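Q: Right, I'll just put the structure down here and ask away after.
The values are calculated or read from the model by the stated rules, or taken from the named source; none is laboratory data. Fair warning: this is a prediction, and the values are worked out from it, not measured in the lab. Backbone-built Cβ (ideal geometry, glycine too); neighbour counts: all protein chains shown.
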Amino acid sequence: MIKLENITKKYMDDSKDTIALDGLSLEIAEGEMVAVLGTSGCGKSTLLNILGGMDRPDSGKYFFDNEEVSSYRAIRLHNFRKKNIGFVYQNFSLLNRYTVYENMAIPLLARNQKNYRKKIMDCLEQLGIAEYANKFPQKLSGGQQQRCAIGRALMTDCRLMLCDEPTGALDSKTTIEIMGILCEENKHGKTIVIATHDSDVASNCTRLVKMSDGRILI
């Protein structure tokens, strides 16, 4: 499903180049649940941004289903993200001026889908937050907000779910619950990549990739 070949990415930091990814190569099969484990600054988030088409490598190639995503122009890259990718972030990235239900509807509206109420409510029921559909995110606990964020990603019918420290702001009990939801989605065929510094979170995944200084160790 995914193949990265010698990916390099640099950023300007205090007028000097900082290497985020240093000749990184990686393959991920469809249906895998992969933990990318490493300390802050090792390149995990940059890797997820490239996988999700949010950023481009400076050099190297990214293939998705044998098509070179790294060569896509802006519009095609946007359509690639909309069709294939779901994002889940540590800070939830929910829109506080919208209710839980409305946050869930955003990806569907972007796809011009109609008659989506049942789809949203079924997903909220599955995630255990249907009773909060008409509440605003700031009125929810961290765990409830992350469930909403996962649900919003699922609304895209994405093939690849990218989770950047999805439990970093949660307590241990809620972390277990969130990882249970992600593991269940993986059992249903969703390909999931989780960037984390937590070895306990990584232990829930079917494969572990360790990163350091922009490179893969194992």
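Q: List every residue pair whose Cβ atoms lie under 8 Å apart, where the two residues are 6 or more positions apart in sequence or sit on different chains, the first residue falls within region 163-177 and is touching a residue at least 40 places away in the same chain (Cβ under 8 Å) and assigned to a loop (DSSP other than H, G, I, E, B), and the second residue, located anywhere, is surrounded by fewer than 16 Cβ atoms within 10 Å (Cβ to Cβ) and of a type in the set (S, T, N, Q).
A: If the second residue must be surrounded by fewer than 16 Cβ atoms within 10 Å (Cβ to Cβ) and of a type in the set (S, T, N, Q), the pairs left are ALA169/ASN91.
Q: Right, another one. What pairs come up if the first residue lies in region 111-126 and is under 15 Å from GLN146 (Cα atoms), the second is surrounded by 15 or more Cβ atoms within 10 Å (Cβ to Cβ) and among the aliphatic types (A, V, I, L, M), and their beta carbons are under 8 Å apart, counting only those six or more places apart or on different chains?
A: Pairs found: CYS123/MET104; CYS123/LEU154; CYS123/MET155; LEU124/VAL100; LEU124/MET104; LEU124/ALA130; LEU124/ALA133.
Q: If I filter region 97-104 for residues that are surrounded by fewer than 20 Cβ atoms within 10 Å (Cβ to Cβ), under 30 Å from HIS197 (Cα atoms) and touching a residue at least 24 places away in the same chain (Cβ under 8 Å), do I get at least one hit?
A: No; the residues of region 97-104 include none that is surrounded by fewer than 20 Cβ atoms within 10 Å (Cβ to Cβ), under 30 Å from HIS197 (Cα atoms) and touching a residue at least 24 places away in the same chain (Cβ under 8 Å).
Q: Right, here's the next one. Taking GLN146, is it touching a Ser or Thr at 6+ places or on another chain (Cβ under 8 Å) and closer than 23 Å to ASN96 by Cβ?
A: yes
Here's the yes/no breakdown for (1) over 17 Å from VAL209 (Cα atoms); (2) under 19 Å from the mean Cα position of the chain (by Cα):
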position	(1), (2)
LEU4	no, yes
LYS10	yes, no
ALA20	no, yes
GLU32	no, yes
SER40	no, yes
GLY43	no, yes
GLY53	yes, yes
ASN66	yes, no
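Q: Also, I was wondering about something else. Quick test for you: out of SER93, SER71, pick the one residue that is more than 29 Å from GLY143 (Cα to Cα) and surrounded by fewer than 21 Cβ atoms within 10 Å (Cβ to Cβ).
A: Among SER93, SER71, only SER71 is more than 29 Å from GLY143 (Cα to Cα) and surrounded by fewer than 21 Cβ atoms within 10 Å (Cβ to Cβ).
Q: What number of residues in region 6-28 are without any contact (Cβ under 8 Å) to a residue 40 or more places away in the chain and either in contact with a His (Cβ under 6 Å, 6 or more places away or on another chain) or of a type outside the set (S, T, N, Q) (or both)?
A: 7
Q: With the requirement that a residue be aromatic (Phe, Trp, Tyr) and assigned to a helix (DSSP H, G or I), what does region 92-147 give you?
A: TYR101, TYR132
Listed here are the residues, each with its yes/no results for (1) hydrophobic (A, V, I, L, M, F, W, C); (2) touching a helix residue (DSSP H, G or I) at 6+ places or on another chain (Cβ under 8 Å); (3) modelled with pLDDT of 95 or more.
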{"residue": "MET1", "(1), (2), (3)": "yes, no, yes"}
{"residue": "LEU4", "(1), (2), (3)": "yes, yes, yes"}
{"residue": "ILE7", "(1), (2), (3)": "yes, yes, yes"}
{"residue": "GLY31", "(1), (2), (3)": "no, yes, yes"}
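Q: Looking at region 119-129, can you tell me whether even one residue there is acidic (Asp, Glu), in contact with a Ser or Thr (Cβ under 7 Å, 6 or more places away or on another chain) and closer than 23 Å to THR191 by Cα?
A: Looking for residues that are acidic (Asp, Glu), in contact with a Ser or Thr (Cβ under 7 Å, 6 or more places away or on another chain) and closer than 23 Å to THR191 by Cα, one finds none in region 119-129, hence no.
A quick yes/no check of all residues on (1) touching a Ser or Thr at 6+ places or on another chain (Cβ under 7 Å); (2) buried (at least 22 other Cβ atoms within 10 Å of the Cβ):
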{"site": "GLY142", "(1), (2)": "yes, no"}
{"site": "ARG152", "(1), (2)": "no, yes"}
{"site": "ALA169", "(1), (2)": "no, no"}
{"site": "LYS173", "(1), (2)": "no, no"}
{"site": "ILE176", "(1), (2)": "no, no"}
{"site": "VAL193", "(1), (2)": "no, yes"}
{"site": "ILE216", "(1), (2)": "no, no"}
